[in-house]
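Every number here is computed from the coordinates shown, using simple stated rules; none is lab data. What you are looking at is a predicted structure, and each value in this text was computed from that prediction instead of being measured. Cβ sites come from the backbone with ideal geometry, for glycine too, and all protein chains shown count toward neighbours.
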Amino acid sequence: MKITLRAIDGKSESFTVTPEHPFLTPKSQWSAISGFAVGDQIATAIGEPVTITAIEPLEGKREVFNLTIAEDHSYAIGELGIWGHNGRGAAWK
């Protein structure tokens, strides 16, 4: 799926992600991107919210890569610095 996000300052950025990929909510909870809707917010690495402005399903198979980060298992993504996680389920801490 492709998500498009807009920061408070108006900057926008798009990402292609798998539906189960977890992102941090502004309430400091990890949630799979498939559970978000247009208008929902994702937290950045510095705690600022960015708003989801578009979610587009993608047709066909896509090559994807999983990134494993030692210790914290979370990382800032893109220029907006949205906070992502490389764990699943109970591993989201």
Take Lys11 and Ala76, extend 7 Å from each Cα along the Cα→Cβ direction, and tell me the distance between the two endpoints in nm. 0.9 nm
So what's the gap between the Cα centers of segment 44-62 and segment 1-16, to the nearest angstrom? 6 Å
